[in-house]
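The values are calculated or read from the model by the stated rules, or taken from the named source; none is laboratory data. As the structure is a prediction and not an experimental result, all values here were calculated from the model. Every residue, glycine among them, receives a Cβ derived from its backbone with ideal geometry; neighbour counts consider all protein chains shown. Quick note on the areas: whole protein, heavy atoms, side chains included, nothing else; ligands and nucleic acids left out. Shrake-Rupley method; radii C 1.70, N 1.55, O 1.52, S 1.80 Å.
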Amino acid sequence: AAAAAAGNAAADAAAAVGKPSQDISAATGDAACKAAVAAGMSPAKAAEAAAAAAGKAAADEAFAAGSPPAEVAQAASEAAKKAGIAAKMGLRQAAKAAAAAAGSAGAESAAVAGKSPEEIAAAAGQAASRAGEAAKLSPMQAAEAAAAAAGKAAAEVAACLGKSPEEVAAAAGEAARKAAEGANMNALQGAAAAAAAAGKASADLAASAGESPEEIAAAAGRAARKLVEAAGMSSEQAAEEAAKAAGEAAVEEAATACKSPKDIAAAAAD
């Protein structure tokens with residue numbers, strides 16, 4: 001939240017003095033990164049915050065200029081990638097940040113156009129997939145980025161509509177599964193993508209509610225397991241996806257709290 005606020009302030013200041021769009025998004029990313037580090041985030045998480053803030057600023061500029069949704073998403077993607085690289089991200093991580101920013105921009109454009117929750121999630125997935133491919137992600141990585149973006153958009157819409165945590169996780173999982181299918185993933189890969197999205201949505205809700213890191217990881221695991229079981233997969237597969245989702249949530253929490261790499265690995269393993 002601190003990073004987003006600093007990024008917004010920098011964007012407004014740069015726009016007020018007539019800076020071009022690329023300078024506005026660069027200033028936004030830089031301010032967001034500095035604020036995230038000052039607030040105790042690890043450098044990697046701060047770089048993610050920088051990329052997201054820069055992507056949002058570029059999308060807002062493109063939208064205000066009347067650009068069509070595809071160009072808005074492309075502007076977000078390019079700005080996020082540049083900001084990620086400027087914040088010392090690796091190329092693959094920067095490409096993933098580009099896809100995520102495009103997904104968020106695609107979702108926002110669809111929401112502003114009054115689309116349904118399903119259409120908003122689909123727009124997010126398609127925008128992320130295109131940006132991932134353009135940023136040279138492999139087809140599988142681009143498909144994973146599409147599923148993650150669709151799941152994130154669906155979770156945000158469901159939360160805004162006042163749905164329960166279980167319904168938010170289910171909406172995220174279903175949207176991710178559909179996006180995975182659209183990107184030619186097989187049923188098992190689609191179920192894994194759905195589980196990851198449901199786990200992420202549950203972890204985010206638990207974090208927003210001020211739960212402990214252990215409870216956040218447990219919530220992610222429960223949501224992922226429930227979703228894989230509902231998809232008719234074996235109990236072994238459900239346990240595997242639950243463990244993955246819990247580990248991912250633990251990494252996210254530990255990295256955000258700027259723990260050492262050793263502590264992050266220990267939290268994930270546990």
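Summary of computed values
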| read-out | value |
| --- | --- |
| Residue list for region 241-255, restricted to those being open to solvent by 50 Å² or more (accessible area, probe 1.4 Å) and under 18 Å from ALA49 (Cβ atoms) | GLU248, VAL251, GLU252, GLU253 |
| Selected residue (only one of ALA179, ALA196, ALA169, ALA159 is within 13 Å of the chain's Cα centre (by Cα), buried (at least 17 other Cβ atoms within 10 Å of the Cβ) and outside any loop (DSSP other than H, G, I, E, B)) | ALA196 |
| Hey, ALA153 open to solvent by less than 60 Å² (accessible area, probe 1.4 Å) and within 14 Å of the chain's Cα centre (by Cα) or not | yes |
| Qualifying positions in region 182-193 - over 13 Å from GLN237 (Cα atoms) and part of a helix (DSSP H, G or I) | GLY182 |
| Inter-residue pairs, beta-carbon under 6 Å, first free of Cβ contacts under 8 Å to residues at least 60 places away in the same chain and in region 87-109, second part of a helix (DSSP H, G or I) and β-branched (Val, Ile, Thr), 6+ apart | ALA94/ILE85; ALA105/VAL72; ALA107/ILE120; SER109/VAL72 |
| Residue within region 202-209 that is within 22 Å of ALA49 (Cβ to Cβ), of a type outside the set (Val, Ile, Thr) and in contact with a Lys or Arg (Cβ under 8 Å, 6 or more places away or on another chain) present | yes |
| In region 118-139, the residues that are open to solvent by 50 Å² or more (accessible area, probe 1.4 Å) and within 17 Å of the chain's Cα centre (by Cα) | GLN126, ARG130, GLU133 |
| Check on ALA102, at pLDDT 95 or above and open to solvent by less than 50 Å² (accessible area, probe 1.4 Å) | yes |
| Within region 1-56, tally of residues that are more than 24 Å from LYS152 (Cα to Cα) and among the hydroxyl-bearing types (Ser, Thr, Tyr) | 1 |
| Where GLU174 falls short, out of the listed (1) surrounded by 24 or more Cβ atoms within 10 Å (Cβ to Cβ); (2) under 18 Å from ALA122 (Cα atoms) | (1) |
| Among (1) assigned to a helix (DSSP H, G or I); (2) modelled with pLDDT under 90, the one test that ALA249 misses | (2) |
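Each row is one residue, and each column tells you yes or no for (1) open to solvent by 10 Å² or more (accessible area, probe 1.4 Å); (2) more than 16 Å from the chain's Cα centre (by Cα); (3) under 23 Å from ALA254 (Cα atoms).
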{"position": "GLY40", "(1), (2), (3)": "yes, yes, yes"}
{"position": "ALA46", "(1), (2), (3)": "no, no, yes"}
{"position": "ALA50", "(1), (2), (3)": "no, no, yes"}
{"position": "GLY66", "(1), (2), (3)": "yes, yes, no"}
{"position": "GLU71", "(1), (2), (3)": "yes, yes, no"}
{"position": "ALA75", "(1), (2), (3)": "yes, yes, no"}
{"position": "LYS88", "(1), (2), (3)": "yes, yes, yes"}
{"position": "ARG92", "(1), (2), (3)": "yes, no, yes"}
